[in-house]
Amino acid sequence: MFGREYGVRGHGNKQYIEELADFIRNRAEVVQRNATVVSTLDLVILTLLNITDEMFQDKQVREQTIRELEEKADRLRESVNRED
């Protein structure tokens, strides 16, 4: 990755680690095509920022969905309790 090979130790599935590396490599290629990045370090940082941004946005969507579901559940409980 980024012109280097890295040895990864762990108890994880080798295929999973390779999928992660492919994901990062693909993202780096997109960043490199869309930015005028000169150094590998800049490319790595921009790639990480892009991945982290997506992760944070996904987290916000999940948290909003959970809040909405909790509100609906509360309303349903209140409705059921009123009928008792």
Scan segment 28-39 for residues that are over 15 Å from the mean Cα position of the chain (by Cα), closer than 15 Å to Asn50 by Cβ and among the hydrophobic types (A, V, I, L, M, F, W, C) and jot them down.
-> Val30, Val31, Ala35, Val37
Counting only residues in segment 36-75 that are within 20 Å of Ala21 (Cβ to Cβ) and of a type in the set (S, T, N, Q), the one modelled with the lowest pLDDT is identified as Thr40
Counted residues, segment 44-84 - those being hydrophobic (A, V, I, L, M, F, W, C) and more than 30 Å from Arg4 (Cβ to Cβ) | 6
Restricting attention to segment 12-27, the residues that are hydrophobic (A, V, I, L, M, F, W, C) and over 18 Å from Leu49 (Cβ atoms) number exactly 2
Mind checking which residues of segment 17-35 are over 16 Å from Gly3 (Cα atoms) and either modelled with pLDDT of 95 or more or among the polar types (S, T, N, Q) (or both)?
-> Asn34
Residue count, segment 31-54 (criterion: without any contact (Cβ under 8 Å) to a residue 12 or more places away in the chain and either surrounded by 10 or more Cβ atoms within 10 Å (Cβ to Cβ) or touching a Pro at 6+ places or on another chain (Cβ under 8 Å) (or both)) = 12
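The values are calculated or read from the model by the stated rules, or taken from the named source; none is laboratory data. If you're wondering where the values come from, they're calculated on a predicted model, not measured in any experiment. In this analysis, Cβ positions are derived from the backbone assuming ideal geometry, glycine residues included, and neighbour counts consider all displayed protein chains.
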